[in-house]
1. Six or more apart or on different chains, Cβ under 7 Å: which pairs go from a residue in the stretch 165-192 that's over 25 Å from residue 112 (Cα atoms) to one that's surrounded by fewer than 20 Cβ atoms within 10 Å (Cβ to Cβ) and at pLDDT 95 or above? Could you list them?
2. Could you check the stretch 142-152 and list, in sequence order, the residues that are surrounded by fewer than 21 Cβ atoms within 10 Å (Cβ to Cβ), in a helix (DSSP H, G or I) and in contact (Cβ under 8 Å) with a residue 12 or more places away in the chain?
3. Check off (1) surrounded by 13 or more Cβ atoms within 10 Å (Cβ to Cβ); (2) in a helix (DSSP H, G or I) for residue 73 and give me the number that stays unchecked.
4. For residue 25, only one of the following conditions fails: (1) part of a loop (DSSP other than H, G, I, E, B); (2) at pLDDT 95 or above. What is its number?
5. In this structure, does residue 116 turn out to be over 13 Å from the mean Cα position of the chain (by Cα), more than 26 Å from residue 181 (Cα to Cα) and not in a helix (DSSP H, G or I)?
6. List pairs: first in the stretch 43-57 and in contact (Cβ under 8 Å) with a residue 60 or more places away in the chain and at positive phi, second exposed (fewer than 13 other Cβ atoms within 10 Å of the Cβ) and part of a helix (DSSP H, G or I), Cβ under 6 Å, 6+ apart or cross-chain?
7. So, in the stretch 176-209, of the ones that are part of a helix (DSSP H, G or I) and over 30 Å from residue 108 (Cα atoms), which residue ends up modelled with the highest pLDDT?
8. Looking at the stretch 76-88, which of its residues are surrounded by fewer than 17 Cβ atoms within 10 Å (Cβ to Cβ) and part of a helix (DSSP H, G or I)?
């Protein structure tokens, strides 16, 4: 889905970002060269430095930031329209579908940035910001549904961490079993947390600002 959304933009620069995200998810940042990105994007040689004068470091940072931002927007929209449980299901279904469609070759683009080496340190920063944003958004939604913020933050961190870990296992095992098991546990946990908040009917803390 992320690739589908990114592909709606048709400038040469956007095509390079799309190619970078696609290749980083499959090979990792360190194993992907600028030449690989140019070839995948069917762009003229040398054009990548016109659009990304900072080279691979800039490309990796922007690709990670773009992917993280798009996923963050999907999470925010789903939380507003459906709620926390349905949003967890949406995230997991999205990754499950992309795993199957790519024959388990495609992982999380933000995780790819987080795992990049010393050549692209700003990609790690972009990944950290994206993960923190996702966690904060989910935690805020849980708080709005009556969950204590301290508990909401823990649930949000557990959810993102479990999904990312399950993606790694699923790719290695070439099966969605790990992701499916994590999905069932996260949904049960979220439903239990929300039910407890409803039964107690009060919050004792507030979101961090």
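1. Correct list of pairs: 187/85; 187/89; 190/85; 191/85.
2. Listed by number, the residues that qualify are 149, 150, 151.
3. Of the numbered conditions (1) surrounded by 13 or more Cβ atoms within 10 Å (Cβ to Cβ); (2) in a helix (DSSP H, G or I), the odd one out for residue 73 is (1).
4. (1)
5. So residue 116 passes the test.
6. none
7. Selected residue: 195.
8. 77, 80, 81, 86, listed by residue number.
The values are calculated or read from the model by the stated rules, or taken from the named source; none is laboratory data. Note that this is a predicted model, so its numbers are computed, not measured. Ideal geometry is used to build each Cβ from the backbone, glycine not excepted, and the neighbour counts take in all protein chains shown.
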